Amino acid sequence: MNDLAGKHIVLGLTGGIACYKSAELCRAFVKEGATVQVVMTEAAEQFITPVTMQALSGRPVHTSQWDPREANNMPHINLSRQADAIVIAPCSADFMARLVHGRADELLSLMCLARPIATVPLLIAPAMNREMWAHPATQRNLVQLAADGATILGVGTGFQACGETGDGRMLEPQELLEDIVAFFQPKLLAGRKVVITAGPTFEALDPIRGITNHSSGKMGFAIARAAREAGAEVALVAGPVGVPTPRGVRRIDVKSARDMLAATEAETPRADIFIAAAAVADWRPVSEADHKIKKDGSGSAPTVAFTENPDILATVAKGARAKSGALFCVGFAAESHDLVKHAKAKRERKGIPLLVGNIGPLTFGQDDNQMLLVDDQGVTELPRASKIECARRLVAEIARRLTA
Ligand code: CTP
């Protein structure tokens, strides 16, 4: 994946212990295909050296507005004109105050002020002690920075270098990377609410055992991330999986198909889009034993009676039609053979406008996928790609159909 290919990022460092994370962030940007120009304040140089940042970015670091290396001696103009974004990470409380006042007496603040405000976005990742973060002056400055067009990337909570615990830590490099990648994605679903089911369900037999399947949840989680990147409010109803929750996504953990149906029905009335990516168990044991089922010594296995689970997608789609609601429902079909035939039939049977077909054994647990889109116009085969690229493509296809 090269989520930042072709992007040029100016990474600004200001004075804070979180500078140790900026080295990792710089590396993460480069790994995703971006070119990175580092600019550091004098205070930042107390925490990490320009040599480290030069080695990681592959470019000499700028620290002064009086740098004779620039032919016209105007680094504040030259550096900001080439940028797709300026990211200040860490952004100290002092630097926020400087930005609010339009100060310009050192290179980084001068460059932020001199940037073409309409075309070069400014993103800031604050980092400071919890008392500094909570101070009314800092909170006031945050509001003003947002009003002036900056994107505030938020802060983390936890143990701080000063020994205190609370809000104000800089976000982790991977979190910042995810937010910045998301920032560059087109906002195709802005203002929409999306509900997604993902992962397997677990149908208990007794307190110890149950039946489930091989779904890893990766595809549903990738769709949740892509929908969030596209600006949607996302509720992710997840069966038991160990996949990390995408940033900005609200996750509701469930176990059984019936729990998944209840959680989904609680979310869909306010939704615009429902995407059923879960591999729901078709059947569950008729009853769940209160205690572990023990061997009785006879050598014979217990007989388990099964009953059919509710079809979440069909139920939700039917409910939305009954209320002549505008819920756009998308289903998945994981098949082992005759994909096109089964996918077409499944779309009709579930009464939904769009169905995504894939060959189950070729996608379960994998990091990439190949999707087949089936709608009333016919069948479209999409190229094999990573699950996040497939998810972004699917989001774009849904957005196109919603606005059509
Ligand atoms: N689905 C659902 N609830 C179920 C079964 C399936 O919401 N109880 C959804 C899945 O999330 C998926 C679609 O329906 O979007 C198709 O799932 P799949 O398991 O492929 O199809 P089934 O309806 O179970 O049909 P079959 O097992 O006969 O292939």
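The values are calculated or read from the model by the stated rules, or taken from the named source; none is laboratory data. All of these numbers come straight from a predicted model, not from anything done at the bench. Cβ: placed from backbone, ideal geometry, glycine included. Neighbour counts: every protein chain shown. For the accessible areas, the whole protein counts, side chains as well, though only heavy atoms, and no ligand, DNA or RNA atoms are used. Shrake-Rupley method; radii C 1.70, N 1.55, O 1.52, S 1.80 Å.
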Tell me, yes or no, whether the range 164-173 has at least one residue that is modelled with pLDDT under 95, out of contact with any strand residue (DSSP E or B) (no Cβ under 8 Å at 6 or more places or on another chain) and not assigned by TED's automatic domain parsing to the domain that holds Val241. yes
When the residues of the range 270-315 are filtered to those that are of a type outside the set (Phe, Trp, Tyr) and in a strand (DSSP E or B), which remaining residue is nearest to the ligand (Cβ to nearest atom)? Ala276
When you look at Glu335, is it among the charged types (D, E, K, R), modelled with pLDDT of 95 or more and within 12 Å of the ligand (Cβ to nearest atom), yes or no? no
Being open to solvent by less than 30 Å² (accessible area, probe 1.4 Å), outside any strand (DSSP E or B) and in contact (Cβ under 8 Å) with a residue 24 or more places away in the chain is the filter here, so list the residues in the range 355-404 that pass it. Gly360, Thr363, Lys387, Ile388, Cys390, Ala391, Leu394, Val395, Glu397, Ile398, Ala399
Residue pairs meeting the criteria (Cβ under 9 Å; at least 6 apart or on separate chains; first free of Cβ contacts under 8 Å to residues at least 12 places away in the same chain, in the range 159-175; second open to solvent by less than 70 Å² (accessible area, probe 1.4 Å)): Phe159/Arg169
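Any idea which of Thr363, Thr403 is among the polar types (S, T, N, Q) and within 20 Å of Val194 (Cβ to Cβ)? Walk me through how you get there before you give the answer.
Working: Thr363 fails: within 20 Å of Val194 (Cβ to Cβ).
Matching residue, one of Thr363, Thr403: Thr403.
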Does Ser324 satisfy being assigned by TED's automatic domain parsing to the domain that holds Thr201, within 13 Å of the ligand (Cβ to nearest atom) and among the polar types (S, T, N, Q)? no
Conditions (1) among the polar types (S, T, N, Q); (2) modelled with pLDDT of 95 or more; (3) farther than 15 Å from Lys7 by Cα -> Asn72 fails only (2)
Residues being at pLDDT 95 or above and either loosely packed, with under 10 Cβ neighbours inside 10 Å or not hydrophobic (A, V, I, L, M, F, W, C) (or both): count how many of those fall in the range 293-313. 6
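Ile352: in a loop (DSSP other than H, G, I, E, B) and under 25 Å from Ala230 (Cα atoms), yes or no?
Values: in a loop (DSSP other than H, G, I, E, B): yes; under 25 Å from Ala230 (Cα atoms): yes.
Yes, satisfied.
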When the range 28-73 is checked residue by residue, the ones that are open to solvent by less than 80 Å² (accessible area, probe 1.4 Å), assigned to a loop (DSSP other than H, G, I, E, B) and acidic (Asp, Glu) are Glu32, Asp67, Glu70
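Listed residues Asp253, Asp272, Asp206; which is in contact (Cβ under 8 Å) with a residue 24 or more places away in the chain, of a type in the set (Asp, Glu) and open to solvent by 30 Å² or more (accessible area, probe 1.4 Å)?
Asp272
For the range 328-337, indicate whether the set of residues that are charged (D, E, K, R) and either open to solvent by 40 Å² or more (accessible area, probe 1.4 Å) or part of a helix (DSSP H, G or I) (or both) is non-empty.
No - not one qualifying residue is present in the range 328-337.
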Tally up the residues in the range 238-259 that are away from the ligand (no atom under 16 Å from the Cβ), more than 15 Å from the chain's Cα centre (by Cα) and of a type in the set (D, E, K, R), please. 1
On the given criteria, is Leu107 at pLDDT 95 or above, touching a helix residue (DSSP H, G or I) at 6+ places or on another chain (Cβ under 7 Å) and farther than 18 Å from Ala43 by Cβ? no
Can you pull out the residues in the range 295-321 that are free of Cβ contacts under 8 Å to residues at least 24 places away in the same chain and not small (Gly, Ala, Ser)? Lys295, Asp296, Pro302, Thr303, Phe306
So, in the range 90-131, how many residues would count as being among the hydrophobic types (A, V, I, L, M, F, W, C), without any contact (Cβ under 8 Å) to a residue 40 or more places away in the chain and farther than 19 Å from Asp179 by Cα? 5
Those residues that are surrounded by fewer than 22 Cβ atoms within 10 Å (Cβ to Cβ) and farther than 23 Å from Arg115 by Cα, I need them from the range 4-20; list them, please. Ile17, Tyr20
Could you list, in sequence order, all residues of the range 1-27 that are charged (D, E, K, R) and part of a loop (DSSP other than H, G, I, E, B)? Asp3, Lys7
